[in-house]
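*Asks:* One structure follows; several queries about it will come next.
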Amino acid sequence: MRLLRFLLYKISTMLFSQALYLTKSLTYKKDALKKLPLSADYIRDSTLELCAEQILSKKIVGNVAELGVYKGDFAKKINLIFMDKKLYLFDTFEGFATKDINIEKEKMFSDGSQNFSDTSIELVKNKMKYPENCIFKKGYFPETASDIFDKYCFVSIDTDLYEPIYQGLEFFYPKLECGGYIFIHDFNNSSYSGAKQAVIDFCTKYNIGYVPISDVGGTAIITK
């Protein structure tokens with residue numbers, strides 16, 4: 001055991017010098033939520049599991065959603081954990097909208113040059129454990145949500161750019177059940193500074209608090 005601890009210490013020290021870290025599993029997680037496969041973003045996934053445990057144990061009603069799906073890797077995890085809830089998936093499935101890129105450039109948040117068009121509804125659907133629960137809404141948000149009046153217990157917003165993030169918060173927060181959570185990805189991603197500004201502007205306007213977490217993309221979390 002001493003040798004193992006020594007080896008782990010040496011390995012963690014080497015990784016630390018490269019800004020990489022070892023972490024123990026969250027042993028207090030309930031077995032029912034130990035479902036997610038290992039990924040490069042352990043903190044984000046584990047935080048999702050812990051928030052889901054709170055939602056499910058408290059029997060908070062409402063469905064789940066993701067705005068900014070891309071290839072569906074995080075949506076797959078939402079679908080897996082919230083197996084009995086409808087999952088709304090909002091995306092252009094064609095990459096950034098030109099008008100949102102223009103706002104990014106005008107406000108000098110980013111150049112919006114990253115290409116997220118290499119995806120499709122079919123590609124995402126094939127990743128889902130419970131595809132029958134998925135409702136795909138292709139097109140520009142929030143127009144694609146004009147016929148939806150659901151409440152939500154969990155929402156992921158991962159659209160990178162200021163305008164769709166801000167509009168996502170305006171749409172989803174009033175519909176968030178008490179005890180629910182909204183994850184906003186890229187809050188601390190310097191490549192997309194509009195993400196942080198959208199959260200700050202929204203939360204300042206409505207006097208809402210948020211919590212940043214130390215995952216790969218620098219997610220912020222809003223609850224009600």
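*Asks:* For the chain, set up a GNM with springs between Cα atoms under 10 Å and report which of LYS205, LYS125, LYS151 has the largest fluctuation.
*Replies:* Result for the chain, Cα springs under 10 Å: LYS205 fluctuates most.
*Asks:* Tell me which of THR204, MET108, GLN54 sits at the most positive position along the dipole axis of the chain, charges placed on C-beta atoms (Lys, Arg +1; Asp, Glu -1).
*Replies:* Positive-most Cα among the choices belongs to GLN54.
*Asks:* Of LYS107/LYS127; LYS129/LYS175; LYS59/LYS107; LYS58/LYS105; LYS137/LYS205, which pairs sit farther than 32 Å apart, going by alpha carbon to alpha carbon? Don't skip to the answer; put the middle values down first.
*Replies:* Working: LYS107/LYS127 36 Å; LYS129/LYS175 26 Å; LYS59/LYS107 42 Å; LYS58/LYS105 43 Å; LYS137/LYS205 28 Å.
Violating the 32 Å Cα-Cα cut-off are LYS107/LYS127; LYS59/LYS107; LYS58/LYS105.
*Asks:* Separation between the LYS224 and CYS178 pseudo-spin-labels, each 7 Å from Cα along Cα→Cβ, expressed in nm?
*Replies:* 1.1
*Asks:* Something else about it: As I understand it, the value is the acute angle between the Cα axis of helix 2-16 and the longest principal axis of the Cα atoms of the chain; what does it come to in degrees, rounded to 10?
*Replies:* Approximately 40 degrees, to the nearest ten.
*Asks:* Further question: Over segment 24-223, what is the percentage of antiparallel beta bridges among all DSSP beta bridges, to the nearest 5?
*Replies:* On the way: 6 of 25 bridges.
Close to 25 percent.
*Asks:* Could you work out the helix-only [θ] at 222 nm for the chain, with each DSSP H run of four or more residues adding -39,500 (n - 2.57) and the total divided by the number of residues, to the nearest 500 deg cm²/dmol?
*Replies:* Values: 7 runs with 79 residues, N = 224.
It comes out at -11000 deg cm²/dmol, rounded to the nearest 500.
*Asks:* Okay, next question. What distance in nm lies between label points placed 7 Å from Cα along the C-beta direction at TYR140 and ASN126?
*Replies:* 3.0
*Asks:* If one takes the longest principal axis of the Cα atoms in the chain, at what angle in degrees, from 0 to 90 and to the nearest 10, does the Cα axis of helix 193-206 lie?
*Replies:* 70
*Asks:* Moving to a separate point now. Could you please rank ASP201, ASP158, ASP84, ASP186, placing first whichever residue has the fewest other Cβ atoms within 10 Å of its Cβ? Numbers along the way, then the final one.
*Replies:* On the way: ASP201 15, ASP158 22, ASP84 8, ASP186 27.
In increasing order of surrounding Cβ atoms, one gets ASP84, ASP201, ASP158, ASP186.
*Asks:* Among ASN115, ASN63, ASN126, which one shows the biggest mean-square fluctuation in a GNM of the chain, springs joining Cα atoms closer than 10 Å?
*Replies:* Result: ASN115 has the largest fluctuation of those listed.
Every read-out reported here was derived from the displayed coordinates using simple, explicitly stated rules and does not represent laboratory data. From a predicted model like this one, the values you see are computed outputs, not experimental measurements. Ideal geometry is used to build each Cβ from the backbone, glycine not excepted, and the neighbour counts take in all protein chains shown.
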